[in-house]
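What follows is a single structure, written as structure tokens, with notes after it.
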Amino acid sequence: EKPGASSSKSEDNIRSPICCIMGHVDTGKTKLLDCIRGTNQIGATYFPAENIRERTKELKADAKLKVPGLLVIDTPGHESFTNLRSQGSGLCYIAILVVDIMHGLEPQTIESLNLLKMRNTEFIVALNKIDRLYGWKVCRNAPIVKAMKQQSKDVQFEFNTRLTQIVTQFKEQGINTELYYKNKEMGKDTFSIIPTSAISGEGIPDLLLLLVQWTQKTMVERLTYSSEVQCTVLEVKAIEGHGTTIDVVLINGMLHEGDQIVVCGMQDPIVTSIRALLTPHPMKELRIKGSYVHHKEIKAAQGIKINAQFIVARNSVFVGTHNHKGWKCLEGLYASVAVAISFRQLV
Ligand code: GDP
């Protein structure tokens, strides 16, 4: 079975929720994704439901996993995201905001917070690097409450002191936060904090479970698969042997080789057809430059590289939306983000 096919399977016809990970440099965003161990996609990491089930079993959650998995967009590499001023592109349903417990809120944390506020996106704070608290006793991959109980009074005291300071820093930004297991108001006015270590894995089960439960509970309607294509361009890249390609996140619907697509260009929409639908090779050893798996079709949600004939200069794609009246370019925005839509839906 090709790797792209698995991400779409779901009995209830529910798509994987799309999550983005944000925060200051060096807080551990990359390490957190590595620690959860998913498969690499274009601009994203995919965590299949089986992995999530395995990693969260100690938490004994009764709730059934309805989503086929979780698609995490690694935003830092994508300039388009820091420039993202999208109106309802609906790309990220939820975000993980990573904060280093030893550093508290940093400039890019605040920048990320402002983006989240502006887009009205729910988020969960991963208070990372708890293993760096002096005297921390490693409880590999343990749920956080269990790990915390194993700690000395001194460690618990240091943790509480730092947590209180960080909650105060959030308050200064106009955001209420609380430890997730004490937070009864999740999503209303108070955002949840999950202490984590991307090195020894404490708190990771809690993070995964909360992400999945939260999206399942509140976003079922948005997660229902529909055949209407919704797709966002992350980057435009020239790749040796493939010509100009666009890295996209297919949010909903299905794309086929040969499909006609429309992408917003600098001046006008660009109509072209899909030459190749590509994903990275699943096996790391084979992930050499230019080695991609070709697909006849791919179903949402997934990160894909599309090869097509684009008569555009690098990075010259604009944000655009399509409504029933036709194409609308959101002008004056600098971004390599665009909305592509299946041509069949236009006519
Ligand atoms: P990013 O810039 O946010 O993607 O941060 P990275 O994932 O590259 O991590 C930055 C550094 O912090 C690396 O040296 C990581 O090994 C380290 N790091 C990340 N998470 C943890 C953690 O939970 N505990 C400790 N002790 N170090 C961490």
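Counted residue by residue at 0.36 nm each, then reduced by the alpha carbon distance between them, the extension gain from GLU54 to ASN160 reaches 35.2 nm.
Express in whole angstrom the spacing between the alpha-carbon centres of the range 16-68 and the range 203-269. Between the Cα centre of the range 16-68 and that of the range 203-269, the gap is 17 Å. Normalised by the number of residues in the range 132-231, the average gap of Cα pairs under 8 Å and 6 or more apart makes the relative contact order 29 percent. Placing +1 on each Lys and Arg Cβ and -1 on each Asp and Glu Cβ, with no other charges, gives the range 100-201 a dipole about its Cα centre of roughly 400 debye.
For the range 94-177, the mean projected area of the C-alpha convex hull, equal to one quarter of the hull surface, is 5.7 nm². Remark: PHE170, PHE157 ranked as PHE157, PHE170, counting other beta-carbon atoms within 10 Å and listing the fewest first. Applying 0.36 nm per residue to the separation of GLN309 and GLN150 and subtracting their alpha-carbon distance, the gain on full extension is 51.4 nm.
By the count of other C-beta atoms within 10 Å, a proxy for reagent exposure, ILE246, ILE94, ILE110 are ordered fewest to most as ILE110, ILE94, ILE246.
Between GLY201 and residues 5 or more places away or on another chain, which pairs have amide H atoms under 5 Å apart, with H built 1.01 Å from N, and which residues are they? Close amide H contacts, sequence-distant or interchain: ASN141. Placing pseudo-labels 7 Å out from each Cα toward the beta carbon at ASN176 and MET102 gives an inter-label distance of 3.3 nm.
Could you sort out which of LYS149/LYS182; LYS60/LYS153; LYS117/LYS171; LYS66/LYS137 sit more than 23 Å apart by Cα distance in this structure? Correct reply: LYS60/LYS153; LYS66/LYS137. For the range 142-149, 3J(HN,Hα) computed residue by residue from phi via the Karplus equation (6.51, -1.76, 1.60; θ = phi - 60°) reads 7, x, 5, 5, 5, 5, 5, 5 Hz, glycine and proline entered as x. Between MET118 and THR30, the modelled labels are 2.6 nm apart [label points 7 Å from Cα along Cα→Cβ]. Between LYS64 and SER273, the modelled label-to-label distance comes to 4.2 nm, taking each label 7 Å out from Cα in the direction of the beta carbon. Extension gain for the segment LYS137 to HIS256, taken as residue separation times 0.36 nm less the Cα-Cα distance, is 37.8 nm to one decimal. The magnitude of the dipole of the range 12-51, with charges of +1 and -1 set on the Cβ of Lys/Arg and Asp/Glu and taken from the Cα centre, is near 80 debye. A simple packing score, the average count of other Cβ atoms within 10 Å per residue, orders the peptides 31-41, 292-302 as 292-302, 31-41, with the highest score first.
FYI, it's all coordinate maths here, none of it is from the lab. Model, not experiment: these values are computed from the prediction. Here Cβ is always computed from backbone atoms with ideal geometry, including for glycine, and neighbour counts include all displayed protein chains.
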